[in-house]
Amino acid sequence: MRSTPVPPPFQRLLDEHGPALHRFCLAQAGPDHGPDCFQEAVLAALRAYPDLRDSTNLRSWLFTIAHHKVIDHHRRTRRLEPTADVGAHPEAAPAMAATDPDAPDAQLWAAVALLPDKQRGAIALRYLADLPYADIAAALGCSEAAARQNVRAGLARLRSEVTR
Amino acid sequence: MTPTRDPLVDALRSAPTADLEADLEGALARAEAEGLVDVAYARTDSPVGPLLVAVTPAGLVRVGFDREDDEAVLDELAARVSPRVVRSARRTDEVRRELDEYFAGRRDHFDLPLDWRLARGFRRQVLERLHAEVPYGRTVSYLELATLVGNPKASRAVGTAMATNPIPIVVPCHRVLRSGGHLGGYGGGLPAKRLLLALESGEAPLL
């Protein structure tokens, strides 16, 4: 019988992945809601940690949790603003643009926040979490090919919206 | 991270950061309120070198000397207590305060609740007895301590109990000497043992 490795002290995960996890949440949910997504992700991870069966890919595990917290946040926001025509008005984005519309890349992060969940998630898991496509596919619950396609489609959409 | 030819990807990769520490602190405060932190630890300086102190809801569970690798101590806590191990200045505040007072010569006993779970069986019995009955400034021999727990032939096992004491300084294994007054061994190194004995005999103002 193979013995599964004991999960390392949780603090080590926070030290190794905390900064990237924080940026991952803020980039997708903005400065107002990003911190809350981050905290929810840390709490959910702590709750599940002692019962973790497989501690071989903790980075992927942690970012998958955060990905779901970001999606929860966006679903809540959409429910609260049912009339918002999401996607058509990037200037109405609730995310990064909310602080300083003149900040570098504010337009970019506003556009990221308005991407469909799978595209936004795929892009963030790829470029902010630096996960391999196999892990991104697992986090999104799709095939690796579909994960790549979501990254491509998301990039294309951002290009068309940001570089105008 | 290698720069790509794609400025959009580079811009995505350089997402802005914000106040991570505050958000982390907020998360851990909530985690503690929910009872999700099983082991809280901090590092603290002392005259016997940097110490690692770890507490559980039951009390002080581990004091680690600098010569033990901190990461190895944390691995041990993760494996034997719970992997929910996080750094917390607040939860370890009382321990660090009492240690500071002790090293300053202003405290001759600790009022900390202790979590004995890292010591088992006979070893634990010996350590509890030592903690309860050998006060500040006193010393005993391995043989005397073995006799105290009703097993005078067990001085070797008593030695093992001292060597594996998870809560040194607070559980005063530095007060246990070889017969004839030889120092014996010490997990924190013999200079540390000498220093603690000198402190308790009133010889050395340390701070």
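Please treat every number below as a calculation from the coordinates, not as lab data. If you're wondering where the values come from, they're calculated on a predicted model, not measured in any experiment. A quick note on method: Cβ atoms are made from the backbone with ideal geometry, for glycine too, and the neighbour counts reach across all protein chains shown.
Just the number, please: Stokes-Einstein D of region B:23-103 in µm²/s, Kirkwood Rh from C-alpha pairs, 20 °C, 1.002 mPa s. Before the final figure, lay out each step's value.
Working: Rh = 13.0 Å.
Estimated via Stokes-Einstein, D reaches 165 µm²/s.
Per the Kirkwood treatment, what hydrodynamic radius in Å, one decimal, follows for region B:48-207 from the mean inverse distance over all distinct Cα pairs? Don't skip to the answer; put the middle values down first.
On the way: mean 1/r = 0.0621 Å⁻¹.
Averaging 1/r across every pair of different Cα atoms and inverting gives 16.1 Å.
At 222 nm, what helix-only mean residue ellipticity would the protein assembly as shown give, in deg cm²/dmol to the nearest 500, using -39500 (n - 2.57) for each DSSP H run of four or more? Spell out each step's value before the answer.
Details: 14 runs with 191 residues, N = 371.
-16500 deg cm²/dmol, from helical runs alone.
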Review point. Residue by residue, what Karplus-based ³J(HN,Hα) values in Hz, rounded to whole numbers, does region A:34-49 have, using 6.51, -1.76 and 1.60 with θ = phi - 60° and x for Gly and Pro?
Key: x, x, 5, 4, 4, 5, 4, 5, 5, 5, 4, 5, 4, 4, 7, 4
**Study point:** Reach of B:LYS153 by Cα under 29 Å, taken over lysines that are not fewer than 8 positions away in the same chain
**Key:** B:LYS193
Revision key, fill the gap. Once amide hydrogens are built 1.01 Å from N within the peptide plane, the residues lying 5 or more places from B:LEU114 or on another chain with amide H under 5 Å from its amide H are B:LEU60
**Study point:** GluC sites (Glu not before Pro) restricted to DSSP loop in region B:21-106 with at most 13 other C-beta within 10 Å
**Key:** B:GLU34
Revision key, fill the gap. HN-Hα couplings for region B:89-99 via Karplus (6.51, -1.76, 1.60; θ = phi - 60°), in whole Hz with x for Gly/Pro, come out as 5, 5, 5, 9, 4, 5, 4, 5, 5, 5, 5
Exercise for review: Just rank B:ARG67, A:ARG152, fewest to most, by other beta-carbon atoms within 10 angstrom.
Suggested key: B:ARG67, A:ARG152
Check your understanding: More than 27 Å apart: what percent of Cα pairs in the protein assembly as shown qualify?
Key -> 57 percent
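Nearest 0.05, what FRET efficiency do A:ALA48 and B:ALA198 give at R0 = 30 Å with Cβ-Cβ as r?
0.05
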Point to revise | J(HN,Hα) series, region B:18-30, from Karplus relation 6.51 cos²θ - 1.76 cosθ + 1.60, nearest Hz, glycine and proline x | key: 9, 6, 4, 4, 5, 5, 5, 4, x, 4, 6, 5, 5
Exercise for review: Could you tally the net charge around B:TYR142, taking each other residue with its Cβ under 10 Å from the Cβ of B:TYR142, Lys/Arg +1 and Asp/Glu -1?
Suggested key: +1
Review point. So for the protein assembly as shown, taking the charge dipole from beta-carbon charges (+1 Lys/Arg, -1 Asp/Glu), which of B:TYR186, A:ALA113, B:SER201 sits furthest toward the positive end?
Key: B:TYR186
Point to revise | DSSP-loop trypsin sites (Lys or Arg not before Pro) across region A:1-55, with at most 15 other Cβ within 10 angstrom | key: A:ARG2, A:ARG53
Point to revise | Sequence-distant lysines (8 or more away, or on other chains) whose Cα lies within less than 17 Å of A:LYS118 | key: A:LYS69
Review point. With charges set only on the Cβ (+1 for Lys and Arg, -1 for Asp and Glu), what does the dipole of the protein assembly as shown come to about its Cα centre, in debye to the nearest 20?
Key: 1280 debye
